[in-house]
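Okay, so here's the structure we're looking at.
What follows draws every value from the coordinates through simple rules; no lab data is involved. Computed from a predicted model, the values in this text were never measured in an experiment. When we count neighbours, we look across all protein chains shown, and the Cβ atoms used for this are built from the backbone with ideal geometry, even at glycine.
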Amino acid sequence: MPEKVIVSWSGGKDSALALQKVMDDEKYKVEGLFSTVSEQSLRLPVHEVSEHLLMKQADALGLPIRIVPIAEKASNEDYDEVMKRFFQSCKDREIHKVVYADLFLEDIRSFRDDLLKKNEMAGVYPLWAIGSHKVAAEIIEKGFQAVITTVDTEKLDERVPGVLYDQQFLHTMSPEIDPCGENGEFHTFVYGGPLFHEPLRIQPGGRFDTLGGRFSHVELKEK
C-alpha cells in the first residue's frame with residue numbers, strides 16, 4: 001500500500017513540481033495540501049498570496065487544502081504548539097510524512113526535520129540536491145505556468161512582481177540570482193500546468209510593500 005503524505009504548499013512553482021513528483025511516485029498517496037497563513041492578513045507570509053487564491057489553486061488541482069493560521073508575531077513556542085496540533089491531526093488520519101519543496105538549504109531542512117521528529121513525523125524532499133538550474137528547466141519544460149509575486153528589493157527590481165516565470169525571465173537574471181529563488185530572491189504563484197484541471201484566470205493588480213519596503217509584491221486578482 002502506498003504511504004499517505006501531505007504536501008507543504010506555498011502556491012509556488014517548486015511546490016507544484018514537488019507535488020507532481022510524489023503524485024507520480026507509487027510509494028506515496030497524496031492526501032492533500034497545507035499552508036500556514038497569517039491570522040491577521042489571511043496571506044501566506046513573505047509570499048503574500050491570499051488564502052482565497054491558495055484555496056482556488058487546491059480546487060483546480062482537485063486536492064483538499066488545510067489552512068493553518070499562525071499569529072503574526074507568534075513566538076517559537078506558539079508556532080511549535082500550532083504545528084503540534086496540526087501534525088497530530090495528520091497522525092489521526094494515518095499521515096506520518098510531509099512533503100517539502102526545499103532544494104539545498106541545509107539549515108531550513110534541519111529546522112523542518114527537528115520539528116517533525118519532535119512530533120513523530122518525517123519529511124520527504126523530492127527536489128533535494130537536484131540543482132536549481134535543473135529544477136527551473138523541468139518546471140518550464142513540464143508546462144507549469146507561474147507568475148512572480150514577490151521580490152527581495154535588495155536583489156531584484158521592485159517592478160519584477162507580475163512578470164511571468166519563463167525562459168525570458170531566467171535569461172534576464174543576473175548569474176548571482178538563484179534561478180529558483182531558493183535564497184529568497186523571489187517567490188511565485190502557479191496558476192496552470194499539468195496537474196491543473198483548468199488554469200486559474202488571474203491578472204496582476206496593484207503593488208504593495210512589506211517590511212519597510214524590503215519586499216515588493218503584486219496583488220493577484222481573479223479575472
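The gain in end-to-end length when the Asp113 to His197 segment is fully stretched comes to 27.0 nm, 0.36 nm per residue minus the alpha carbon separation. Running Debye on region 172-223 with equal point scatterers at the Cα sites and no solvent, what base-10 log of I(q)/I(0) appears at q = 0.18 Å⁻¹? These q points yield log10 I(q)/I(0) values of -0.83.
Spin-label pair Thr172-Glu72: with each label point 7 Å from Cα along the Cα-Cβ axis, the two points sit 3.2 nm from one another. Taking a sphere under 12 Å around the Cβ of Pro126 and counting the other residues whose Cβ falls inside, with K and R at +1 and D and E at -1, yields a net charge of -2. Modelled spin labels at Lys134 and Tyr79, positioned 7 Å past Cα toward Cβ, are 3.0 nm from each other. Which one, Gln57, Leu115, Gln145, is farthest towards the positive end of the dipole of the chain when Lys and Arg carry +1 and Asp and Glu -1 on their Cβ? The residue sitting farthest along the positive end of the dipole is Gln57.
Taking Lys117 as the anchor, which lysines have their alpha carbon closer than 23 Å to its alpha carbon, excluding any fewer than eight residues away along the same chain? Leaving aside lysines fewer than 8 places away in the same chain, those within reach of Lys117 are Lys4, Lys27, Lys29, Lys84, Lys91, Lys97.
Let me make sure I get this right: for region 3-124, a, b and c are the square roots of the gyration tensor eigenvalues over alpha carbons, sorted descending. Under 1.5 in a/c it's rounded, otherwise prolate if a/b > b/c, else oblate. Which is it? Here region 3-124 falls in the rounded category. Relative to the longest principal axis of the Cα atoms of the chain, the long axis of helix 76-92 makes an angle of roughly 60 degrees.
Comparing Glu51, Glu182, Glu94 in a Gaussian network model of the chain, where Cα atoms under 10 Å apart are tied by springs, the biggest mean-square fluctuation is seen for Glu94. In this simple spin-label model, placing a label point 7 Å from the Cα along the Cα-to-Cβ direction at both Arg214 and Lys27 gives a separation of 3.7 nm. Full extension of the chain segment joining Gln40 with Lys91 gains 15.6 nm, where the gain is 0.36 nm per residue of separation less the Cα-Cα distance.
The residues neighbouring Thr153, those whose beta-carbon lies less than 14 Å from its own, together hold a net charge of -3 under the Lys/Arg +1, Asp/Glu -1 convention.
DSSP beta bridges fully contained in the chain are about 50 percent antiparallel.
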